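These notes are about the structure you will find just below.
Bear in mind these aren't lab numbers, they're just calculated from the coordinates by the rules spelled out. Fair warning: this is a prediction, and the values are worked out from it, not measured in the lab. Here the Cβ positions follow ideal geometry from the backbone for every residue, glycine too, while neighbour counts run over all protein chains shown.
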Amino acid sequence: MSDSNIQEFQKTKDKLDGVGCGFCLAKWTQVTIHLGAGLTHSCHHPVQHKIPLSELKRNPSALHNTTYKKDKRKQMLEGKRPSECNYCWSIEDSSNSFSDRVFKSTEPWSADQFEQISKSNWREDYNPRYVEVSFSNTCNFKCAYCGPQYSSKWVEEIEKHGHYDLSYRYNSVDDLKAKNEMPYKHSEHNPYVDAFWEWWPDLFKDLHTFRITGGEPLLAKDTFKVLEYIQEHSDINPNISLAINTNLGSPDAIIDRFIEIAKDLSDNNKVRELIIFTSVEAVGKQAEYTRNGLDYDKFWTNVEKILTVLPKVTINIMSTFNALSVFTYSDLIERVFQAKKKYSNNQRYWISAIQLDTSYLRYPSHLSVKILDKKHKDLILESAKKALYYGMTEFVQGSYGFSNTEIQKIKRLYDYAIHEDEFDVEKNRKDFVKFVDELDKRRDTNFVKTFPELKKFYDTYKKI
Amino acid sequence: MIHIKKYSPWIFYPSVLCDTFPENPATKILSGEYNFKIEMRLTLLDTLDKNATVFTILPKYCGLDIHKNMLFFTVRFEDDSSQFFQFPFAIHDGVEIDLKMVHVPKKSLIIYINEEVQLDLSLEKLGLYIDSNPCVVFGANSFSHVDDTSNSTEMYIHEFKVYEKNKLITHHTCEDFIFNKSIDKTGNLNFLHHKILEC
């Protein structure tokens with residue numbers, strides 16, 4: 001972190017602390033809303049809470065401004081630290097590092113709101129600037145590390161076969177129902193979506209960033225309704241930053257319709273930037289095993305189609321690196337590098353045409369890289385080395401290659417994999433074998449054939 | 001080999017890409033506090049230039065220059081003063097140079113060209129420059145901006161090695177490349193790289 005950055009963050013921290021030691025702008029400015037299940041949280045660190053339908057009836061902005069959240073804002077304005085924000089308090093109490101409270105309050109979608117928010121009444125409604133919305137859990141994939149909350153395909157599987165009986169109940173729909181977090185079905189009327197559309201015209205004008213997640217957003221009609229609204233009302237907010245998650249596995253007609261709208265938004269400057277987030281964390285059959293529903297070749301066809309037709313758009317691959325990624329991640333790095341090179345131009349808001357954003361999977365823990373043997377963990381380091389050799393020398397227009405951040409995240413993953421902590425390796429290895437056995441039975445797949453590198457590992461823990 | 005063309009220098013600066021990886025870049029030891037040895041084999045292709053930089057350790061300029069068919073070595077000291085040493089022989093286009101630079105902190109700096117000592121400098125009174133994050137540029141006196149004032153020259157690099165005391169920590173045979181980087185045969189990721197373009 002540069003000295004000027006440190007000074008800026010310190011300045012923000014001093015201002016926040018001037019209001020209260022728990023004051024954080026993100027409680028007002030940022031929200032993630034899961035409309036499918038009626039859940040919200042600000043920022044993304046606290047556990048999501050249910051949005052009371054009774055509040056929505058009189059105020060659609062209760063998708064963000066719930067009574068529950070207002071109570072936390074009250075605490076912040078009165079110099080208290082809400083316990084749900086423990087993620088930041090533990091950082092602030094155990095180190096001299098800045099927490100996300102400071103980083104998020106320094107973001108351009110927060111910083112200029114300080115005066116207004118710090119002087120506001122906690123009862124007031126506030127239109128957030130950074131909004132992330134999932135319209136439903138409708139999805140054509142059932143990735144191994146996902147679950148019913150975010151995938152209707154998972155719901156179908158669990159309703160047919162029941163939960164996975166590991167050392168705990170994995171992906172139980174009954175548990176979701178018990179917590180009142182079961183998403184509405186695609187065919188059901190969803191009052192949270194109604195409230196969103198009631199609120200949207202008022203929300204849109206103030207937005208800095210709007211991100212659509214899922215499920216698979218391209219399978220939600222509301223996604224296209226939002227995109228068309230932005231097309232038609234760009235004069236109201238032409239500086240919006242738009243981000244869309246997609247697995248790029250929808251039928252061609254849907255992908256083409258999306259590209260057509262994206263082209264209009266991008267070419268005609270109806271948005272400040274458009275970034276498409278997608279996911280893959282392995283190559284070929286191994287990728288298809290982890291991301292059930294994926295057609296790997298089709299995925300890359302769609303990536304290339306987007307980068308060709310949309311020369312201003314960047315694709316970000318959010319890679320949830322897990323135990324099944326290690327054998328082909330190096331090949332994925334190669335593929336991403338070739339795309340960076342082929343589609344490099346001077347037209348993008350971001351320097352890169354395509355970014356590989358590697359993060360490590362923590363849950364479900366039986367798919368974590370921590371279950372692997374040392375020799376397999378070392379493959380992560382080899383991948384990091386490859387990314388380093390493909391590194392970008394200068395972060396300037398016309399340059400291409402992996403950025404410092406992309407490389408560091410892969411290296412950090414290796415450090416995470418080899419770091420010894422309280423992770424229960426034996427328990428998770430046994431769960432892993434139970435999981436893939438059940439997965440193969442339900443999905444007619446063959447783990448050992450797809451991952452011959454793990455045959456010995458599998459055989460060992462199958463016997464235990 | 002690496003063919004360095006005019007206005008197109010190469011650089012030995014592995015930490016510039018990712019400051020946490022490699023964890024102990026070889027460039028770190030190219031400073032007055034450390035015992036290091038650099039070896040390189042070069043073919044100089046443009047020896048008539050008025051001023052040309054064969055290689056230099058930056059940001060404290062210390063390295064080998066060409067001036068009208070002669071070689072000079074610039075030494076930068078810890079008090080930021082410099083001294084120039086002219087080597088007593090003429091060179092011509094296509095000359096092969098086998099250079100060895102041996103530094104012992106607060107003791108000596110010895111430069112060998114083709115196995116013969118050309119400079120044996122005592123550092124007992126005044127040590128070599130100190131810097132926490134040096135790099136080595138080949139074929140110019142700077143890396144980020146190269147123009148007519150950059151003392152650019154043309155050459156081949158055949159081999160490049162760095163030792164910490166007697167331990168080899170970087171070895172480039174300049175035959176294997178990934179993207180714009182020569183592969184470090186020691187596996188230590190201390191690559192030599194070109195600015196943007198592929199080799």
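Brief remarks on what is shown
- Evaluated at q = 0.11, 0.16 Å⁻¹: base-10 log I(q)/I(0), Debye formula over Cα of region A:285-432: -0.45, -0.88
- Under the Debye formula (equal points on every Cα, no solvent term), log10 I(q)/I(0) of region B:1-41 at q = 0.21 Å⁻¹: -0.88
- Ordered by the count of other Cβ atoms within 10 Å of each Cβ, fewest first, A:106, B:170 give A:106, B:170.
- Across A:57/A:270; A:385/B:167; A:285/A:462, pairs whose alpha-carbon gap is larger than 30 Å: A:57/A:270
- Nearest-0.05 FRET efficiency for residue B:24 and residue A:50, computed from C-beta distance (R0 51 Å): 0.50
- Straight-line reach from residue B:6: taking Cα to Cα under 21 Å and skipping same-chain neighbours fewer than 8 places apart, the lysines in range are B:50, B:68, B:181, B:195.
- Over region B:136-199, all Cα pairs binned in 5 Å intervals from 0 give whole-percent P(r) values of 3, 17, 23, 24, 18, 11, 4, 1, listed from short to long.
- Loop-exposed GluC sites (Glu not before Pro) per DSSP, neighbour cap 16 Cβ within 10 angstrom, longest uninterrupted part of chain A: A:189-393
- Taking each of A:142/A:341; A:374/A:463; A:305/A:370 in turn, the alpha-carbon distance tops 25 angstrom for A:142/A:341; A:305/A:370.
- Fewest neighbouring Cβ atoms within 10 Å first, the residues A:196, A:423, A:114 line up as A:423, A:114, A:196.
- Whole-percent pair-distance distribution, where bins are 5 Å wide, for the alpha carbons of region B:119-165: 4, 12, 15, 19, 21, 18, 9, 2
- Secondary-structure-derived ellipticity at 222 nm for chain A, considering helices only, amounts to -14000 deg cm²/dmol, per-run term -39500 (n - 2.57) for DSSP H runs with n ≥ 4.
- Rotationally averaged projected area of region A:193-243 (alpha carbon convex hull; nm²): 3.4
- Pairs of Cα atoms farther than 45 Å apart, the protein assembly as shown, %: 32
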